[in-house]
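What follows is calculated from the coordinates using simple rules that are stated; it is not laboratory data. Since the structure is predicted, the reported quantities are computational estimates derived from the model, not experimental observations. Glycine gets a Cβ as well: all are built from the backbone with ideal geometry, and neighbour counts include every protein chain shown.
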């Protein structure tokens, strides 16, 4: 058995992220966002999530969309659409909500 170590996990995820692995980029971003095993850093988290989202990871696309929607950024709609095109159930629901309400976060679309 291996002892759990979030800082060590972050180190390995970051190395994978730097090598271009989209799921590692997602994990690195989420750990930076939450401050798991590393000091929380919103900007770095968003940068890693964006790399993963551009790489096609639907979970990164949804996570990035949530962050952007919370900030009222219309770019969130783009990322929800990208994830929905991959049949991500949460993105499909969010898009339905956006169009049903006519708003993204607290802003009209």
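From the helices alone, meaning DSSP H stretches of at least four residues, give me the mean residue ellipticity at 222 nm for the chain, per-run term -39500 (n - 2.57), in deg cm²/dmol to the nearest 500.
Working: 6 runs with 75 residues, N = 109.
Taken over the chain, the calculation gives -21500 deg cm²/dmol.
What is the fewest-to-most order of 57, 73, 36 by other Cβ atoms lying within 10 Å of their Cβ?
Exposure proxy ranking, most exposed first: 36, 73, 57.
Can you tell me the relative contact order of the chain? Whole percent, Cα pairs under 8 Å, sequence separation 6 or more.
Details: 153 pairs, mean separation 17.9, N = 109.
Answer for the chain is 16 percent.
Only counting other Cβ atoms within 10 Å, I'd like 66, 54 sorted with the fewest neighbours first.
Numbers: 66 18, 54 15.
Ordered by Cβ neighbours within 10 Å, fewest first: 54, 66.
What order do you get for 31, 1 when you list them from fewest to most C-beta neighbours inside 10 Å? Please list the in-between numbers first.
Details: 31 22, 1 3.
With the fewest neighbours first, 31, 1 line up as 1, 31.
Specify the angular offset, from 0 to 90 degrees and rounded to the nearest 10, of the alpha carbon long axis of helix 42-54 from the longest principal axis of the alpha carbons in the chain.
Orientation of helix 42-54: about 70 degrees from the principal axis.
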